[in-house]
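The block underneath contains the structure these notes are about, expressed in structure tokens.
The values are calculated or read from the model by the stated rules, or taken from the named source; none is laboratory data. Because the structure is predicted, anything quoted here is derived from the model rather than measured. Cβ atoms come from the backbone with ideal geometry, glycine included; neighbour counts cover every protein chain shown. To get the accessible areas, we keep the full protein, side chains included, count just its heavy atoms, and leave off ligands, DNA and RNA. Shrake-Rupley method; radii C 1.70, N 1.55, O 1.52, S 1.80 Å.
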Amino acid sequence: MTERCYKLYRYQIPMDSQVVLRNRFLKQREGLLVQIQCGGQSGWGEIAPLPEFSQETLEQAQQQAIDWLKKWDLARACNEKLSLENCYPSVAFGLSCALAELKGKLGEQGNFKIAPLCYGDPDELYAELEQLPGEKIAKIKVGLYEANRDGLIADMFLEAIPDLKLRLDANRSWTPEKAAMFAKYVKPEHRARIQFIEEPCKTPSESLQFAADTGIAIAWDETVRDPDFQIKAENKVTAIVIKPTLVGSLEKCVQLIEQAHQQGLIAVISSSIESSFGLTQLARIAQQYTPDTTPGLDTLDLMQVQLMRSWPNSTLPIADLQSEYISEIEIN
Ligand SMILES: O=C(O)CCC(=O)C1=CC=C[C@@H](O)[C@@H]1C(=O)O
Ligand SMILES: [Mg+2]
């Protein structure tokens, strides 16, 4: 008989004091690690709903993960499969990663290329870009300050670093007028090096109109999670951003990636502020399915420690299962 066993751990990691998610400070990141063992093989995953972004709470995710694991054990005893179809996205993602590792379907190699993330201080970004090897792509959050300031800063970077490509993220914050104000400050000859702005306006149709009016490319992020979202090659839409923790199982993410590629769009695997454990797994997914695209995973430095698996060259301390940050959940 095949030996099966599973374990669930809860983690809590202190964050950098300034991390703001939509309307609240994120003082600590909480989530689950799941380990599934079967027939001598073992696989791990991270289940970490992101406050303000995920629909499910951590408590709901934990309960659902426990229920699923129990049913999975029973199903496997009868040689049946158990679908992840009706699970919350974070649960489906974490469990599917554990199963993929268990079955040896997730490559070891990661895509650790970085698109440095800048929340507002241009000097910090300059310093980081200087050290960046290879293709220079940076991501700047816009929409937090005045739109003309955002436009000036983007234009200044593009002017100063001729091989720089920018990704910008407005999180649906601009009115059409503000978006136009931003564009006014970006010289036409620099606009092609904006790889995309994620969701410039409050609605997808306003964002499409902005792209048509300005020639600046856009990407879908929030829109990807709309229930009726369909990937379409539209004028000036160059990419979709895939945050697996918010999207669902690995299989669902791979389907989206394949559809995007078929339509000639870039698929960017992106962070939902997972621990280093989840981020390194996302880098492996990016290497396997989007090897030519720099993923959006530069969020580790928002945390004070790494968890179990380390990101190459990170200087943050690594917490293991015995540390104060992780505790095992008893499953009865
Ligand atoms: O996409 C990246 O390069 C990093 C991830 C990132 O920007 C985000 C992750 C999670 C929540 C948000 O604050 C933000 C986003 O809106 O895309
Ligand atoms: Mg975004």
Have a look at Leu82, Leu99, Leu106 and point out the one that is over 21 Å from the mean Cα position of the chain (by Cα) and among the aliphatic types (A, V, I, L, M).
-> Leu82
Is at least one residue of segment 89-99 out of contact with any Phe, Trp or Tyr (no Cβ under 9 Å at 6 or more places or on another chain) and open to solvent by 60 Å² or more (accessible area, probe 1.4 Å)?
-> no
Segment 119-154: number of residues that are surrounded by 20 or more Cβ atoms within 10 Å (Cβ to Cβ) and part of a helix (DSSP H, G or I) | 6
Out of curiosity, is Ile285 under 30 Å from Gln28 (Cβ atoms), part of a loop (DSSP other than H, G, I, E, B) and not acidic (Asp, Glu)?
-> no
Restricting attention to segment 308-323, does a residue exist that is at positive phi and within 16 Å of ligand 1 (Cβ to nearest atom)?
-> no
Could you give me the residue pairs with C-beta distances under 6 Å whose first residue belongs to segment 287-308 and is within 16 Å of ligand 2 (Cβ to nearest atom), whose second residue is open to solvent by 60 Å² or more (accessible area, probe 1.4 Å) wherever it lies, and which are 6+ apart or on separate chains?
-> Thr294/Lys113; Leu302/Asp16
Any idea which residue in segment 22-80 is nearest to ligand 1 (Cβ to nearest atom), counting only those that are part of a strand (DSSP E or B), open to solvent by 20 Å² or more (accessible area, probe 1.4 Å) and touching a residue at least 60 places away in the same chain (Cβ under 8 Å)?
-> Trp44
Which one is nearest to Tyr11 (Cα to Cα) among residues in segment 256-282 that are within 16 Å of ligand 2 (Cβ to nearest atom) and in a loop (DSSP other than H, G, I, E, B)?
-> Glu274
Just one listed residue, out of Lys243, Lys232, is within 16 Å of ligand 1 (Cβ to nearest atom), at negative phi and among the basic types (Lys, Arg), and it is Lys243
Determine whether Leu302 is modelled with pLDDT under 95, within 16 Å of the chain's Cα centre (by Cα) and within 14 Å of ligand 1 (Cβ to nearest atom).
-> yes
